[in-house]
Structures are given as C-alpha cells and as structure tokens.
Amino acid sequence: MNAHALELLFPQLLIVAIFWFIPVYRRERAFFGVPVSAQFYAEAGRQILRRYRFRLIATYLGLFLLEFALWRWRKTPVAVVAVAPFASMIFYALAYRAVAPHWQKTDRRSVASSLAPRRLSDYTHIAIELFVLVVTLLPVLAVFFYYEQMPERIPIHWNLFSQTDRWVTKCVGAVALGPALGFWVQTLALLMKNDLVKSKMPLPASATEEFLRGKQRQLLITLHMFDWMRVFVGVLLFCAAMLPLASAVASLPPLQRTIGVLLPISGLLLLFGLVFFGARWFFLQRRMDARFGRSRIEREDESQHWYGGLIYFNPRDPAFVVEKLEGLGYTINFARGRAWLYLLLIAVLPGLLIWAGAS
Amino acid sequence: MHITIDEESRVPIYQQIANEIKRLIVGGELPPETALPTVRQIAGDLGVNFNTVATAYRDLQEEGLLTVRHGSGAVVRGRQSDRRGAEELRAPLRTALAQLMLAGHPRTAVLHIVREELTKLVKGEK
C-alpha cells in the first residue's frame, strides 16, 4: 500500500468511526441528537440505525474501491474518497429526519442563567498566547529574510516516509502559503475561542448550581482542549511552513532534522490531547446524564430550528454558539450575522490555495 | 449564583429578571462592585431578546441598583434603591396581603407566610 493511500486511510477511518458512533453514544437521550423514548430507540430506531450504517459503510467501501481502481488505471492518486464525509452528513440528515418526529419534548416552564460573567480574559494564559504568536510569526519573518537565498526549485510536499514527492518553481505563493495558513488558522482559532467562552449555557430550574458547576467544567475542558490544539497545530504548521525553507536554504540553521523530530512528536501530542480531553468530556457528560437525566437544556421550540440535526438556524435565539444536539461539542447559530464572518474567513482558505497555485 | 425565569408566568420576563437580581442583592449574594454578565450573555442563556434583558438592566440602573457599562455588562451599585419611597412600595405588598386573605388564609397564617418569605429573602434563599 503506498504512502498516499495510508495518508487518506487514517483520517477516513476516523471519520467513519465518528459517524458510526455519534448517533448512539448517548442512546435514547440523543439518538441522532434527538431525545426519544426507550421503546422507540429499541424498536423503530434500530431499523433507522441499521439503514444509516449500511449506507455509510457501502459508500465508504465503494469510494475506496473506486479510488483504488482509478489509481491503478491512471497511476496518479485521485482523492475520490474525500467526498465521503459529505455523503455521511447527508445520510445523517436523512436519519435525523426520520427520528425527529419522535422528539420527546420536556415539560419545562422555567430556565435559569448564571450571573457569573464569562470573559475571554478569564480563560487566557499569556504563556500559551505568546508561544502561539511566536510559532505563527517566525515563518513569516523567515520567508521575508530568506526568500532570495532559496534555489529555483523547492520541495513542497513530503509523504509519510519523509520522502519529497513534489517540487515547484520558486514563487511567493509556494513559499508564503505555509506561513499564511498558520496565520489564518490561529486567527480563526482565536475568534472561535472568544465565541466559545460566550457560548449559550441555559440551566434547569432545579439543582441549578450543581448543573452549572458541571457545565462550567465542560466549558473548561473544551477550552483547554482548544488551547492544546492551538499550540500543537501551531507547531505542526510552523514545521510545514519552515520545511521548504530549511530544505532549500543552506545558510539557515540546521532545522530539517529538528523539524523531522518535532513533526511526529507534535502530531502524537495533538492526538493525545484530543483523546485525553475528549475522554474527560465524555465521562463528565455521562455523569451529568446519570445525575440529571440530561446534560443539555433545550427550549420547547428548538426542534424546529435544527436542519438535518447538524445545522442550527434560529433567528429568535440571540445566542451565537450553542451546544450540538448530540451533546458532543458546539456549533453556530447560522441566523446570527456573525456567521457570515466565519463563512468569509473559511472562504479565505480556498482563496489562499488559488492564489498560491496561480502565482 | 443564578437567576430563574418562568416562561409561562404573567409577569413580564424583564421584570422577572429585575426581581431576581434584586432578590440576590437583598440576600447579600450580589454585594456592591460585583460584575454582572453582559446583556448578550444573559439573553443567550435564557433564550430571550436582547432588549428584554437591556430593559431589566435599565430599570435597575434607574432604581440606583446597577451601573450599566455598555459592552461589558453591569456592576452592582448598592443595596438601596433610591427611586421609590416606602409609601409607594406598600401598595404591591397591600395587594399581595389582600389576595392571601381572600384566598382564605387566616391572619396568623398570613403573618407566618410574610415572616417566612422575609427570612428567605434576607438569607438569599428561593
């Protein structure tokens, strides 16, 4: 199996696993994000789940086989399997549509809100911010100082076995893409962190303080995971941005070997953090589900504003960041104007890639 | 420390929010100089319009209980509301007492209820 196939296989397996388990990890409390009765979950729900999982596996296997056949025929990789996550989202939305009519509404009249202000400064660690700033800006400065010293052909892609498999003619786009990507990622991440701190946190009218403590701990775990990701994604992008420079410029300090060590370590630490904080979140949510019967408070009309169980569009909800239906993470209220800022920032990525390609 | 609203109550939401904050001030849970969340945070958590929370904050500011800082929430000013006199405040109490007696509660029971509620208010209980 070649390096390209390995590069694609792991993330796709991860995506399949996520779509496989997400609908049922909280059982009837959030079956495709919908609270349903135990009877529905055990009977009609099982048929919906079987149909959904069959479509998931059939699509992935079919796309993998197609990609393998195309690679054997054309001798170049064609990332057909990259469309599989989008197909998975469509299957999830179809299953949600079948489950949503069985939404068990809670008879809830009252809702509570904490009076403790939630500010970004309360969740900011100067050391982390300085480190992220340094790893983001250093490649920008390095490109600025060493661009002229680079040869006319520069390496820009390495496979899993550290072999260079792609070169390009030196140009600003090819060299500056890495640093620009790092800058873009950290800008988006900081904006997301600010909005996460201010995410919607409705509380029940009973056992309010205890529930609030649980939600505050959930938020803290999320923000710690976010900072962990910012640090190690920052290091990975630093390595990716510096590698072409380090490979091509003789006068640079011997970075290549350092980057060769830093890359896999950062990748592993990033993965470790995701698993560690993800597990903490998971077990805290299980405890809250067991203690309160739920870990997420919803309004009575909320079911009308979830589309496919994935997209939240509610013009009457002033909150911008809300908990996902299945309780795993957060999403945005696309009815708020701020959503356009995110869509614009996300659109910058293809713009950067097109600019790099064109130059 | 939290506030609770009843979505099906006849009391307007902004008034419920204001009453809850007053209760916490009286009970000592919100001492002077305590920072309160922004209008956006409370509105988002409760799922109500921004203006509803803004109205509550504005009313409390007019009563001298809060200082509103635009964009960064509000700060508790003090425990004494300087807007209305004792005579003006007796009217709603008179109404509530009349309703209790019309509901058939004897005088001693009404006194007991009043003492109980006052104790809870001062202790910060609900």
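Each value in this text was obtained by applying a stated rule to the coordinates, not by laboratory testing. Here the structure is a predicted model, which is why all the values come from computation and not from measurement. Positions of Cβ are generated from backbone atoms using ideal geometry, with glycine treated the same way; all protein chains shown enter the neighbour counts.
Go ahead and estimate [θ] at 222 nm for the protein assembly as shown from helices alone: -39,500 (n - 2.57) per DSSP H run with n ≥ 4, summed, over the residue count, rounded to 500.
The helix contribution divided over the protein assembly as shown gives -20500 deg cm²/dmol.
Evaluate E = 1/(1 + (r/R0)^6) for B:ASP6 and A:ASN194, where r is the Cβ-Cβ distance and R0 equals 41 Å; express this FRET efficiency to the nearest 0.05. That pair, B:ASP6 with A:ASN194, gives E of 0.80.
Residues of region A:281-315 with amide nitrogen under 14 Å from the 7 Å Cα-to-Cβ point of A:ARG217? Within reach of a label on A:ARG217, which here means backbone N under 14 Å from a point 7 Å along Cα→Cβ, region A:281-315 contributes A:281-292, A:295. Across peptide A:111-123, the average count of Cβ atoms from other chains found within 10 Å of a residue's Cβ is 6. Pairs with C-alpha atoms separated by more than 19 Å, drawn from the list A:LYS200/B:LYS22; A:LYS198/A:LYS324; A:LYS215/B:LYS120; A:LYS105/A:LYS324; A:LYS105/A:LYS198, are A:LYS200/B:LYS22; A:LYS215/B:LYS120; A:LYS105/A:LYS198. May I ask you to list the residues of region A:99-126 whose amide nitrogen lies under 16 Å from a point 7 Å from Cα along the Cα→beta-carbon direction of A:PHE292? Those under the cut-off are A:106-116. Within chain A, the selection of entire DSSP H helices by a Cα span of 15 Å or greater along the long axis and an average Kyte-Doolittle value of at least 1.0 returns A:3-21, A:84-99, A:126-146, A:172-197, A:338-358.
Kindly put A:VAL348, A:VAL321 in sequence by how many other C-beta atoms sit within 10 Å of each C-beta, fewest to most.
Exposure proxy ranking, most exposed first: A:VAL348, A:VAL321.
Mean-square fluctuation check for chain B, GNM, Cα pairs under 10 Å: which of B:GLU29, B:GLU116, B:GLU63 is largest? Looking only at B:GLU29, B:GLU116, B:GLU63, the biggest GNM fluctuation is shown by B:GLU116. Summing Cβ point charges (Lys, Arg +1; Asp, Glu -1) relative to the Cα centre of chain B gives a dipole of roughly 280 debye.
Report the per residue volume, in Å³, of the convex hull enclosing the C-alpha atoms of chain B.
Here the figure is 111 Å³ per residue.
Annotation: amide H of A:VAL168 within the under-5 Å range of A:ILE154, A:ILE156, sequence separation 5 or more or interchain, hydrogens built in the peptide plane.
When A:TYR60, A:TYR96 are arranged by Cβ crowding within 10 Å, least crowded first, meaning fewest neighbours, the order is A:TYR60, A:TYR96. Partner aspartates and glutamates whose Cα lies under 16 Å from the Cα of A:LYS193, excluding those fewer than 8 positions away in the same chain, are identified as A:ASP122, A:GLU129, A:ASP227, A:GLU323.
The mean number of partner chain beta-carbon atoms within 10 angstrom of a residue's beta-carbon across peptide B:34-43 is 5. Extending 7 Å from Cα along the Cβ direction at A:ALA279 and again at A:ALA207 yields two label points whose distance is 2.6 nm. Over chain A, the pair-distance histogram of Cα-Cα distances with 20 Å bins from zero comes to 24, 54, 21, 1 percent, rounded to whole numbers.
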